[in-house]
Amino acid sequence: MLVVVCLAAALAALFLVFEGRGSKPKPNQETKVEVKDVYTDADFAAYEVLPGVCNMKELMSGLIGFGETGSGKSTGAFRTALYRSWKHPSKPATLVLVAKPEVYEETLELATLAGRGDQVVDLAKERIDILDTALKLRGSVLDASSILKHVIEADAKRSSKGDDGSNRFFYDAADRVCHAATAILYHATGSASISGIYEMVTDQKAAEEHIKLGLSKKVDDDDWNAAVTLFRGEWKSMGDRQKSAVLGVAINSIGKFLRSGFSTTFSSGVTTWTPWDADAKGLISVANWPLMDGEGGRLGQIALKILVQKYALMRRKADHPRPFVIAADELQLFALPENDAYVQAVCRDRRLISLCMTQNIPLLRAAVGGEDARDEVDALIANHGVKVIACNSDPETNRWASGLCGSHWVDVQGGGVTPGGYSPERDMRGQDQGAGAHLHWNANYRPCLDPEAFTQLHRGGDGWVQTVVYQTGRVYPSTGRPWTYAWFNQNEGA
């Protein structure tokens with residue numbers, strides 16, 4: 001009997017090794033890539049970013065990861081994807097969004113290990129006039145005003161759908177006023193800034209002066225005409241209480257860009273960093289305004305993300321642009337689910353890569369509008385082609401991950417023993433004594449991975465992190481399905 005038990009244990013251990021759960025892999029080997037002026041999709045497909053799991057072309061469909069605090073999601077898959085992307089000779093440009101104070105130093109260290117330390121830029125030391133830079137993308141007022149719209153939505157933590165519609169009027173009105181102010185400033189002066197928008201919406205006299213300046217230049221543009229009509233008509237005649245509510249929405253958000261030194265960074269009329277310069281030079285740009293620096297830094301990072309998204313999507317595929325990565329650990333702080341989901345739907349051809357991590361789905365949903373944002377959050381997650389799940393205790397996230405991995409038929413066996421003893425009465429009647437054993441079996445359609453399996457993944461701390469990786473359209477040999485177990489080295493590159 002002991003021999004049988006030992007043999008069964010040995011076979012089980014061997015099964016786990018082949019399945020990828022029972023042993024930690026050897027450190028990853030570097031992939032050799034030829035240095036070229038132009039890289040095709042085939043070149044990126046030949047380069048593994050997450051070895052054995054995901055190549056760089058596949059990464060362009062986006063990667064989103066989930067794992068509770070301490071699971072190793074950030075130092076595992078996130079770190080590996082960044083490091084190996086930066087090692088690619090195309091030198092992808094990167095915008096790193098920052099939640100924690102130590103992110104800049106960690107990014108600089110990792111980039112140095114990848115041989116790109118000299119390309120790291122601390123954006124907190126740069127000047128980026130957000131609206132003026134957006135206007136230079138293609139001279140469209142909408143490119144600039146839509147950034148303000150998204151910032152207002154992010155600051156209010158509201159879904160674009162709103163709730164019962166009672167407050168939506170004020171958000172929409174604030175959006176229209178900011179768009180009109182941007183149009184008047186741009187057509188009258190050739191530029192626009194957040195401080196200029198603030199002055200326009202709070203001072204009717206300043207707005208009228210800019211309108212007169214534009215009229216003297218004989219501006220003839222649909223945006224201009226609509227903006228003048230709004231400021232001289234609807235905005236001027238709006239009731240005090242209504243105007244006060246609209247102003248409250250607008251200036252509460254854009255005013256945060258004018259505090260704690262953020263005015264110098266985001267609204268000075270001077271720009272020393274642009275997404276097209278970062279792209280041309282392959283810069284690793286760190287938006288170094290951690291949460292402790294205030295809401296202006298978080299909203300500024302959201303504005304920069306939108307700016308990079310707009311720029312990257314305007315690039316032509318025929319020009320074979322280098323990849324541009326937006327890396328967001330703590331995604332819930334920077335997510336705009338509706339906007340980001342639409343961007344994810346079209347970003348792959350433009351080589352815009354979304355690389356993001358968060359703790360769980362309820363947290364992501366709560367941070368961007370609660371139940372009203374459920375569909376947008378689901379769409380954002382679904383539009384990332386690669387999902388990485390580290391150790392997690394959240395039931396909803398684990399049920400989602402279990403469902404994602406699919407189900408299979410399992411033979412379930414059962415049986416039992418009916419107790420009983422000798423009965424003279426039953427014997428005299430010729431009846432069965434009733435004692436004995438029985439066996440039955442049937443086939444059940446069960447999850448390939450039960451939700452609790454994700455609570456048992458190996459956490460980081462000893463140098464290795466265990467995850468489940470899912471990728472639509474790929475079949476992994478270890479499981480015969482679009483998911484597999486994957487281990488990541490927390491010291492990748494060191």
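The values are calculated or read from the model by the stated rules, or taken from the named source; none is laboratory data. Computed from a prediction, not measured in an experiment: that's the story for all the values here. For neighbour counting, all protein chains shown are included, and Cβ atoms are generated from backbone atoms with ideal geometry for every residue, glycine included.
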Evaluation of N491 against (1) modelled with pLDDT of 95 or more; (2) part of a loop (DSSP other than H, G, I, E, B) (one fails), failing number: (1)
Pairs please, first residue from segment 441-452 and surrounded by 14 or more Cβ atoms within 10 Å (Cβ to Cβ) and in a strand (DSSP E or B), second anywhere and at pLDDT 95 or above and not aromatic (F, W, Y), Cβ atoms under 6 Å, 6+ apart in sequence or on different chains. P447/S402
Could you tell me whether any residue of segment 161-174 is out of contact with any Lys or Arg (no Cβ under 7 Å at 6 or more places or on another chain), of a type in the set (K, R) and free of Cβ contacts under 8 Å to residues at least 12 places away in the same chain? yes
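Rundown of residues vs (1) outside the structural domain of A341 (by TED's automatic domain parsing); (2) over 18 Å from L113 (Cβ atoms); (3) touching an Asp or Glu at 6+ places or on another chain (Cβ under 9 Å); (4) modelled with pLDDT of 95 or more, yes/no style:
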| position | (1), (2), (3), (4) |
| --- | --- |
| A42 | no, yes, no, no |
| E48 | no, no, no, yes |
| N55 | no, yes, yes, yes |
| S61 | no, yes, no, yes |
| F78 | no, no, yes, yes |
| K87 | no, no, yes, yes |
Of the conditions (1) part of a helix (DSSP H, G or I); (2) of a type in the set (A, V, I, L, M, F, W, C); (3) modelled with pLDDT of 95 or more; (4) under 17 Å from the mean Cα position of the chain (by Cα), I326 satisfies every one except a single condition; which number is it? (1)
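The rows are residues; the columns are (1) over 30 Å from N225 (Cβ atoms); (2) of a type in the set (V, I, T).
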residue: R84; (1), (2): yes, no
residue: K100; (1), (2): yes, no
residue: A111; (1), (2): yes, no
residue: R176; (1), (2): no, no
residue: Y186; (1), (2): no, no
residue: T189; (1), (2): no, yes
Inter-residue pairs, beta-carbon under 6 Å, first assigned by TED's automatic domain parsing to the domain that holds S74 and closer than 14 Å to A382 by Cα and in segment 335-356, second among the charged types (D, E, K, R) and modelled with pLDDT of 95 or more, 6+ apart: none
Can you name every residue in segment 188-229 that is acidic (D, E) and over 21 Å from L258 (Cβ atoms)? E208, D220, D221, D222, D223
Picking from T80, T94, T112, T107, which residue would you name as being surrounded by fewer than 21 Cβ atoms within 10 Å (Cβ to Cβ) and among the β-branched types (V, I, T)? T112
Got at least one residue in segment 344-351 being surrounded by 20 or more Cβ atoms within 10 Å (Cβ to Cβ) and of a type in the set (A, V, I, L, M)? no
Go through (1) closer than 27 Å to N167 by Cα; (2) of a type in the set (D, E); (3) surrounded by fewer than 21 Cβ atoms within 10 Å (Cβ to Cβ) and name the single condition D340 misses. (3)
Do you know which residues across segment 208-227 are among the small types (G, A, S) and surrounded by fewer than 12 Cβ atoms within 10 Å (Cβ to Cβ)? S216
Residues of segment 385-414 being of a type in the set (D, E) and surrounded by 15 or more Cβ atoms within 10 Å (Cβ to Cβ), in sequence order, are D394
Out of the residues in segment 366-384 that are surrounded by 21 or more Cβ atoms within 10 Å (Cβ to Cβ) and over 24 Å from T75 (Cα atoms), which is modelled with the lowest pLDDT? G369
So which residues in segment 372-400 are part of a helix (DSSP H, G or I) and among the hydroxyl-bearing types (S, T, Y)? T397
If you go through L355, L364, L331, the only one that is farther than 23 Å from V49 by Cα and within 11 Å of the chain's Cα centre (by Cα) is L364
